[in-house]
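Data first, discussion second: the structure below is written as structure tokens.
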Amino acid sequence: MKRIYLDHNATTPVHPEVLEAMLPFMIDQFGNGSSIHTYGREARSAIDDAREQVAALINAKSPSEIVFTGTGTEADNYAIKGIAELQHSRNSGNHVITSSIEHHAVLHTCHHLEKHGFEVTYLPVDRYGLIQLDDLREAVRDTTILISIMHANNETGAIEPIGEICEVAQQHGSPVHTDAVQSVGKLPVDVQALGVSMLSLSAHKIYGPKGIGALYIRRGTRLENLLHGGSHERNRRAGSENVPAIVGLGAAAALAQKDRETSVEHLAHLTNKLRKGLHKHIDRIHENSKPEHSLPGTLNISFEYIEGESLILRLDMEGICVSTGSACTSGSMEPSHVLAALGLPPQLAQGTVRFSLGKDNTEAEINEVIEKVPKVVEQMRAMSPAYKRSSKHVGVK
Ligand SMILES: *Cc1c(COP(=O)(O)O)cnc(C)c1O
């Protein structure tokens, strides 16, 4: 059976041109970027090219502001722990502000800081996952050393007002870090226009390989290193560079920059079609973001009287691959912290599915999804005593 992949916020397939760019660095050009002979110089120059491609994608002033990391998760850890450790050693404050809907890479790093004497404020969000600037204004203090708020949420697609957040932060002199792993390639991500001091991204969310990410660090932003060892990455991240992966990230960044506008148009069109199709054929469903404040391609929907994990397994049998929330929480029965922060009651949170579309999805695939999802939902609800009771009550057929 041909499968329909609608889980691009979890990961994307590697673009053939990305693979092609990477292959030579796994075969003939296997040099270590630190060696001074020809093999080493080839690797070094490939790493430098990739750094320029990533810098161009996010409009960094200089490629030297880009540090390659092992993953997007590592970039988040590096930004937050790096600032926290440095400011702690200077006694300049111990307060960090983040949001309650961050990816675990940020959230659990903040929990870790709390165990080590830092104070963390987790800003609430509204029903559609948006931070309120007044909450931020109230939370900032003289001791606030870092504000880390994601650019776009991986579960619901909610887009946070990073530009405005940076304006508030600037009045207090606090640096802003943003996890832009989901927004890169889908939104215009311009570090200068946004005003952030640090920004994380990851290759495998933009048709690059897994196991490579990058942290943008604005020139003049000081932070402690996470990894210690050799003098790689201008003394910022020790360890021999993963050259093929770095080349892959560079190629993926270049493609993301070149294709973003056409890709976004395609994603917006298909997502809209899916949204309308599901609303037309299924009652008692709820969207968990506002389309105008949400990533093109992400549709997060709560189905009343449905158990999300069962729906996902049933859809998988139909060849449709979607997910409940972030990949990291699936398999655990705990409702997602993101949906809880939106104020969804646990039962509705359990009945939530994320459709995340990609550039290769087609109109025909979306038509098939619009045809199959309502059937499966109907079958599942037909077996639910609670649904039958409630339908009788409100007169739903
Ligand atoms: C996927 C993701 C990450 C983690 O990136 P990895 O490269 O998989 O470690 C971090 N933040 C967000 C918002 C993500 O979607």
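The values are calculated or read from the model by the stated rules, or taken from the named source; none is laboratory data. Quick caveat, the model's predicted, so the values are computed rather than measured. Glycine also receives a Cβ, built like all others from the backbone with ideal geometry; neighbour counts cover every protein chain displayed. What goes into the accessible areas is simple: the full protein's heavy atoms, side chains included, and nothing from ligands, DNA or RNA. Shrake-Rupley method; radii C 1.70, N 1.55, O 1.52, S 1.80 Å.
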Which of L270, V353, H103 sits farthest toward the positive end of the charge dipole of the chain, with +1 on the Cβ of Lys and Arg and -1 on the Cβ of Asp and Glu? V353
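Taking Cα atoms of the chain, Rg/Rh with Kirkwood Rh, to two decimals? Write down the numbers at each step before the final one.
Numbers: Rg = 22.1 Å, Rh = 22.1 Å.
Result for the chain is an Rg/Rh of 1.00.
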I want to check the label-to-label distance for H279 and K372. Put each point 7 Å from Cα in the C-beta direction and report it in nm to one decimal. 2.4
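Looking at segment 16-256, what % of its DSSP beta bridges pair antiparallel, to the nearest 5?
Antiparallel bridges: around 40 percent, rounded to the nearest 5.
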Could you do me a favour and compute the accessible area per residue for the chain, 1.4 Å probe, result in Å²? 44
Could you tell me which of the pairs K205/K375; K2/K372; K2/K280; K186/K375; K205/K273 are separated by over 20 angstrom between their Cα atoms in the structure shown? K205/K375; K2/K280; K186/K375; K205/K273
Per the helix-only calculation at 222 nm, which mean residue ellipticity applies to the chain, given -39500 (n - 2.57) for every DSSP H run of n ≥ 4 and division by its residues, nearest 500 deg cm²/dmol? -13500 deg cm²/dmol
Mind checking which lysines have their C-alpha under 20 Å from K61, skipping anything on the same chain fewer than 8 residues away? K258
For segment 1-86, take every pair of Cα atoms, bin their distances at 10 Å starting from 0, and report each bin as a whole percent. 13, 31, 36, 16, 4, 0
What spacing in nm lies between the two simple spin-label points modelled at R41 and S64, each 7 Å away from Cα in the Cβ direction? 2.2
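Ignoring ligands, DNA and RNA, please state the percent of accessible area on the chain from carbon and sulfur, probe 1.4 Å. If you can, show how the numbers build up before the last one.
Details: 9030 of 17480 Å².
Carbon-and-sulfur percentage of accessible area, whole number: 52.
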Whichever lysines have a C-alpha closer than 17 Å to that of K115, once near sequence neighbours (fewer than 8 apart) are set aside: K81
Paramagnetic label zone (point 7 Å from Cα along Cα-to-C-beta, S384; backbone N under 19 Å) in segment 254-291: 278-289
Ranked highest first by the average count of other Cβ atoms within 10 Å around their residues, in what order do 262-268, 158-164, 211-217 fall? 211-217, 158-164, 262-268
Loop-located trypsin sites (Lys or Arg not before Pro) in segment 203-290, at most 13 other Cβ atoms within 10 Å (DSSP): R219, R222
